[in-house]
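Report on the structure given below.
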Amino acid sequence: MKVGVFSAILSNVSLEKALTRIAGLGCDTVELGTGAYPGDAHCQPAVLLASKAKLDRFAATVKASGLEISSLSCHGNPLHPDKRIASAHHRVFVDTVKLAGVLGVPVVTTFSGCPGDHPKAKAPNWVTCPWPPDFLKVLDWQWNKVAIPYWKKQAAFAKSHNVKIAFEAHPGFLVYNPETLLKMRKACGTTIGANFDPSHFLWQGIDPIKAVRALEGAIHHVHAKDTGLYPVNADVNGYLDTKHYADEKNRSWIFRTVGYGQPRSFWCDFVSTLRMVGYDGALSMEHEDSLMTPDEGLRKGVEFLQSIVIREPKGRVTWA
């Protein structure tokens, strides 16, 4: 496996400086944001696709860093009921797939998106329970009239460019757990798979190790991000928490640098289980730990991952 970094945390510096910083940590890969929620500070697909000179300079800059691009990230909501947002995120997705195909990047990471609850809605509506019965009608419309038709078309488009789509299962969107990921994959084809991020499963009460097994063969990319769970708050109010991420003391959970949420044994088991199910790609560290600076969080997280990553090819054990 390879240790990498999602460069969005370094959006305040140039591409060259971000790559130098990531390579200086001893990383193997980098994941670059191309727009929508992660922003496009380091990679602007429309600009690069419109200019061979700029594309060549971009590719040369990445190559000179010694890093491999594990994926291009356009995490967004192309199903958003606000047509301006949906259109903008769709354009970014299309350009990102095209750029990935040109650069030979195998994976585009994104969200499944979430529509509203009817054709004239103004905001997304994430349904979390089956009653009153209106909710099941909303879900049926969201999946069968909006999401599946859209992603079937986009999956075929991505496949034509030799690119896989990796959905990050995230609460607030239609794909938020293994079951919904596999539902979308069954409906739209195996071009769609998972950008497996254990941090979003932990506070939902999902065991990420068991989830890896459930998604065997469907994991296209992996985010390395941790979550700290705080029973002192959760035992009173549960883990559904809408307080601001900066209100760390009062939240039921917060994102942490790897190794600061779950114990080392969890991460060793996580990496080993990924290996068992055939995943041998990048562990792309996504730093969103509000208790640490980007420099400290990246350094500690990367060092932790490097200490547990499995790098040697699998082979038969023989004894003398």
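The values are calculated or read from the model by the stated rules, or taken from the named source; none is laboratory data. These numbers were taken from a predicted model, which means no experiment stands behind them. Neighbour counts are summed over all protein chains in view; Cβ atoms, including those assigned to glycine, are modelled from backbone coordinates with ideal geometry. Ligands, DNA and RNA are stripped out before the accessible areas are found, and what is left, the full protein with its side chains, is counted by its heavy atoms. Shrake-Rupley method; radii C 1.70, N 1.55, O 1.52, S 1.80 Å.
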(Q) Among 173-184, 246-257, 124-135, how do they line up by average Cβ neighbours within 10 Å per residue, starting with the highest? (A) 173-184, 246-257, 124-135
**Q.** Accessible area per residue, Å², the chain with all protein chains present, probe 1.4 Å
**A.** 47
Q) Roughly how many debye, to the nearest 20, is the charge dipole of the chain about its Cα centre, given +1 on each Lys and Arg Cβ, -1 on each Asp and Glu Cβ, and no other charges? A) 1000
Q. Applying 1/(1 + (r/R0)^6) with R0 = 45 Å to the Cβ-Cβ distance of ALA156 and ASN250, what FRET efficiency is obtained, to the nearest 0.05?
A. 0.45
Q. Carbon and sulfur: what percent of the chain's accessible surface (1.4 Å probe)?
A. 55
Q) Which net charge results when you count Lys and Arg as +1 and Asp and Glu as -1 among the other residues whose beta-carbon is under 14 Å from that of ARG213? A) -2
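What is the local net charge at ASP295, summed over the other residues whose Cβ is closer than 14 Å to its Cβ (Lys, Arg +1; Asp, Glu -1)?
Surrounding charge for ASP295 is +1.
Would you kindly calculate the translational diffusion coefficient of the stretch 241-320, applying Stokes-Einstein with the Kirkwood radius from alpha carbon pairs, for 4 °C and a viscosity of 1.567 mPa s, and quote it in µm² s⁻¹ without decimals?
88
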Q) Between the stretch 77-93 and the stretch 141-210, how many Å separate their Cα centres? A) 17
Q. What are the radius of gyration and Dmax of the stretch 167-297, computed over its Cα atoms and given in Å?
A. 14.9, 43
Q: Kindly work out what percent of the DSSP beta bridges joining two residues of the chain are antiparallel, to the nearest 5.
A: 15
**Q.** Helical mean residue ellipticity (222 nm; -39500 (n - 2.57) per DSSP H run of 4+; nearest 500) of the chain
**A.** -12000 deg cm²/dmol
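Please compare each pair in LYS120/LYS164; LYS249/LYS300; LYS120/LYS152; LYS83/LYS120 to a cut-off of 20 Å on the Cα-Cα distance and tell me which ones are over it.
With Cα atoms farther than 20 Å apart: LYS120/LYS164; LYS249/LYS300; LYS120/LYS152.
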Q | Cα Rg over Rh - the stretch 139-185, Kirkwood | A | 0.98
Q.
Between the stretch 222-238 and the stretch 1-62, how far is it from one alpha carbon centroid to the other, in angstrom?
A. 30
(Q) If every alpha-carbon in the chain counts as one equal scatterer, what log10 I(q)/I(0) does Debye give at q = 0.08 1/Å? (A) -0.36
